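Data first, discussion second: the structure below is written as structure tokens.
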Amino acid sequence: MASTSSEARLPVAELLRTLIRFDTTNPPGSETACSEYCRDVLDNAGISANLVGDDPDRLNVVSRLPGRGDAPPLLLYGHIDVVPTAAQPWDVPPFEGRLQDDYVWGRGALDMKGGVAMMMDALIRAHQTGVSLPGDVILALVSDEEAGGNTGAAWLAQTHPEMFEGVRYAVGEFGGFSKTYRGRKFYMVQVAEKMGCHVQAIARGPGGHGSLVHRDTAPTRMSRFLVKLDRTPLPFHVHPVTRMMIESMAGQLPCADGSFLRLLLNPAFTGRMLRRMGTVGREMEPLFRHTANATVIAGGEKTNVIPSEVTVTLDCRMLPGYDAEDLLGELQEIAGPDIELQAIRFEPKPWVLNMGLFDTLSGIINEQDPEGVSVPMLMPAGTDGRHFATLGIQTYGWMPMNLPADFDFLKTIHAANERVPVSALEFGSEALYRLLQRFHD
Ligand SMILES: [Zn+2]
């Protein structure tokens with residue numbers, strides 16, 4: 001494996017190409033070889049880094065660079081596991097780390113070995129150029145983000161909270177990428193994320209022999225509920241983060257476009273507006289309500305026996321700040337008396353919102369891309385941010401990437417032909433390097 005010398009810094013794209021070559025598909029992850037490589041790169045650059053974890057195959061890397069103590073420590077974190085590539089039509093081998101047409105191709109290029117490479121590059125550069133850091137900088141490269149963080153961020157936050165003592169802000173995923181809307185370039189900064197909640201729906205009905213005539217059975221009752229759930233959106237809620245996002249976008253658009261967008265903030269119009277917005281509306285809809293999707297259906301063991309019970313597990317994602325009872329109430333409205341609903345997995349996590357670093361991040365983007373407008377974003381899925389939030393840490397999802405207008409970030413992650421422009425990696429590394437010098441603002 002390639003190694004760096006303390007004189008020359010590996011270009012960030014080359015670092016990413018090597019990271020991609022470690023197949024850290026989760027499951028099973030097996031991130032340790034990749035972690036060892038990251039540790040060696042940091043060590044060779046004069047930054048001491050440790051491998052920590054409770055599973056020898058799934059170790060994490062933690063490093064701490066001392067600062068001058070004018071600011072609380074800043075946490076940079078990224079995950080080195082990736083999602084599977086099986087059954088996807090890739091044009092290039094997903095773990096080759098190919099450089100082609102000024103893009104680095106491969107699984108993890110965007111999510112998020114690209115971000116990991118930017119962080120390592122920025123930290124090494126800060127160390128080698130001897131810049132004075134306002135406070136300590138902690139770098140955590142973690143395993144298992146894509147499957148819950150049990151050996152990674154969750155483990156670190158639960159078993160080693162002392163490593164993160166005093167940290168107020170973290171920079172990680174998911175955000176920082178640019179998105180062009182109506183000719184304006186917006187940089188989405190994740191400041192909050194939805195919370196997962198698994199709900200079990202149970203339909204009961206008379207059982208019996210499969211040779212007789214039956215109506216209104218447990219399977220029928222459950223299917224009625226599922227059809228209704230498919231056709232009835234859960235109520236719209238204007239979350240404070242979504243309001244900030246829409247208002248900052250609207251303020252940058254021509255008057256008519258801005259007023260159009262602002263109508264989303266009136267729950268009486270939200271549904272109609274989202275439908276009129278087509279694809280963008282479908283992408284935005286989860287930011288305006290809880291979502292519930294049926295995933296696991298169980299009932300009946302024998303073809304000639306009518307089951308007296310059918311269960312369906314719903315994958316629900318809740319807006320932050322609500323609790324499971326709010327969601328169950330909304331679902332029960334749709335389900336009616338035939339269906340019993342229970343939250344079977346819900347871990348309430350504290351909802352931290354501290355916008356104190358936002359202006360600094362926004363200022364850095366403006367220096368590097370004067371056309372760029374930073375907007376706060378609510379993430380519709382979960383990230384490792386929720387684990388660090390238990391320590392009172394506000395994550396900013398900020399892996400800055402100035403992407404071409406026709407590059408669809410959201411459609412490229414977790415998909416075939418995941419790739420990142422080399423220029424976007426350099427843009428992000430530069431932005432993080434600037435942040436390391438001024439996170440006390
Ligand atoms: Zn990710």
On C-alpha positions alone, give me the angle between the axis of helix 218-231 and the longest principal axis of the chain, in degrees, nearest 10. 50
Which net charge results when you count Lys and Arg as +1 and Asp and Glu as -1 among the other residues whose beta-carbon is under 12 Å from that of VAL61? -1
Nearest 10 degrees, 0 to 90: what angle lies between the long axis of helix 240-250 and the longest principal axis of the chain (Cα atoms)? 70
Classify the chain as rounded, prolate or oblate from the Cα gyration tensor: take a ≥ b ≥ c as the square roots of its eigenvalues, call it rounded if a/c is under 1.5, otherwise prolate when a/b beats b/c and oblate if not. prolate
Between the stretch 158-212 and the stretch 108-141, how far is it from one alpha carbon centroid to the other, in angstrom? 25
Using alpha-carbon pairs under 8 Å, 6+ residues apart, how would you state the relative contact order of the stretch 195-345 in percent? 44
In whole angstrom, the spacing between the Cα centers of the stretch 354-405 and the stretch 257-277 equals 24
Report, in degrees rounded to the nearest 10, the 0 to 90 angle that the Cα long axis of helix 422-438 makes with the longest principal axis of the chain. 70
So what is the accessible area of the chain per residue, in Å², with the probe set to 1.4 Å? 42
In the chain the accessible area split gives carbon plus sulfur, as whole percent at 1.4 Å, a share of 50
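Taking the Cα centre of the stretch 246-301 as origin, sum charge times position over the Cβ atoms of Lys and Arg (+1) and Asp and Glu (-1), and report the length of that vector in debye to the nearest 20.
Dipole about the Cα centre, nearest 20: 220 debye.
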Residue-wise HN-Hα coupling along the stretch 148-157, computed from phi with Karplus coefficients 6.51, -1.76, 1.60 (Hz; x: Gly, Pro): x, x, 4, 9, x, 4, 5, 4, 4, 5
Tally the DSSP beta bridges in the chain and give the antiparallel ones as a percent, rounded to 5. 65
Could you tell me whether the stretch 204-318 comes out rounded, prolate or oblate from its Cα gyration tensor? Rule is a ≥ b ≥ c as square roots of the eigenvalues, rounded for a/c under 1.5, then prolate if a/b exceeds b/c, otherwise oblate. prolate
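The values are calculated or read from the model by the stated rules, or taken from the named source; none is laboratory data. It should be emphasised that the depicted structure is a prediction, and the values quoted were computed from it without experimental measurement. Here the Cβ is made from the backbone with ideal geometry for all residues, glycine too, and neighbour counts use every protein chain on show. Only protein heavy atoms, including side chains, enter the accessible area calculation; ligands, DNA and RNA are left aside. Shrake-Rupley method; radii C 1.70, N 1.55, O 1.52, S 1.80 Å.
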